[in-house]
1. What does the highest-first list of 100-112, 137-149 look like by mean Cβ count within 10 Å?
2. Count charges around LEU130 for me, please; just the other residues with Cβ under 14 Å from its Cβ, Lys/Arg as +1, Asp/Glu as -1.
3. Sort 122-131, 85-94 for me by packing, meaning the mean count of neighbouring Cβ atoms within 10 Å per residue, highest on top.
Amino acid sequence: MDSEEEKEQTKGFKVEDRRRFSAEGELKPEHRGREAATPPGTAEAAESPGRGDPSNPAPADQTFSPFSQYQGAAPEITFGTFVVGLSTQALVHLGELPDPHTNQPATDLQAAQQLIDIIAMLEDKTRGNLERDEQTMLEAILFELRMKYVERARH
């Protein structure tokens, strides 16, 4: 009978939580000091003793949190800031603003057109639900983006 129970137990599977971070974004205690910082071989790991080295764990106050960059006073996301963010991306693709990665202006009319279409879709889907200022801003942004798009497409 014991061997029968052992067979039943071996047939099943074991669920083990191997996530490094808790639901709150904190590094779990069993992972602190091991892979809590930059991977070995990077310049920062070489300069900081104990980082990434299990035999010499980092102090508890230096543990890595994936959400640390978001802590503090973040700007409130509103409909207006969302639309302005989309329009800024469209301006980058129109070559009006430099690409944040290369710091050089680059033109991608297809990407710009998609963003303009997304903003137009938002205008259509939110019609009658926006405050007057939001509607005015949305109309002005769409007008300006469309004019800049036509100007770029002609060249």
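1. Numbers: 100-112: 11.8, 137-149: 15.8.
For the peptides 100-112, 137-149, the packing ranking is 137-149, 100-112.
2. -3
3. On the way: 122-131: 11.3, 85-94: 19.4.
Most protected by this proxy first, the peptides run 85-94, 122-131.
Quick note: the coordinates plus some simple rules give every number you see, no bench work behind them. What you see is a predicted model, and the numbers here were worked out from it, not measured in a lab. All Cβ positions, even for glycine, are placed from backbone atoms using ideal geometry, and neighbour counts span all protein chains on display.
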